[in-house]
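Below is one structure, written out as structure tokens; the observations come after it.
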Amino acid sequence: MSQPPRSSERDPRSVAEMAVDVSERVSYLVREEIELAKAEVTEKATSLIKGSVVGVAAGVFVLLGLAMLMHAIAWLLNDLFFGDTIWLGFLVEATMWFVIAGIAGFFAFKAVKAGAPPTPDMAIEEGKEIKETLQAGGDHSDG
């Protein structure tokens, strides 16, 4: 383990040379930190893209499975209740899905309406409080 130079030992370089050396080392350190940040962001973005692609594929398979399930439910309704009128089972199921879609659309509308317009209300309120505090502090310092 090397020991730091003692105060009695002097570096033969001038102050200007040492300042240039420090500046170069800091510049190198900053460049390396930027490269590290780029590598981390690239790695995370690649991971997110891979996850998204697999998620989309899973969504496609779920959609296909849901279509098959809906088809099976329609045939089940036909077998249990409607006999030879096949179209009636599909009509009942389609109506059920339209009702579910309407309810989901209503909740989506309420959620969008509650979030619109997307203003930073908390940040604006905080800014007003800071302004009031600064103005109040300025009024007290004058008196």
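The numbers here are math on the coordinates, done by the rules we state, and not lab data. All values derive from a computational prediction rather than experimental measurement. All Cβ positions, even for glycine, are placed from backbone atoms using ideal geometry, and neighbour counts span all protein chains on display.
Regarding A57, is this residue within 25 Å of the chain's Cα centre (by Cα), part of a helix (DSSP H, G or I) and surrounded by 10 or more Cβ atoms within 10 Å (Cβ to Cβ)?
Yes, satisfied.
Does L66 fit the bill of being touching a helix residue (DSSP H, G or I) at 6+ places or on another chain (Cβ under 7 Å) and assigned to a helix (DSSP H, G or I)?
It is false that L66 is touching a helix residue (DSSP H, G or I) at 6+ places or on another chain (Cβ under 7 Å) and assigned to a helix (DSSP H, G or I).
What residue, of L36, L91, L63, is more than 33 Å from the chain's Cα centre (by Cα) and aliphatic (A, V, I, L, M)?
L91
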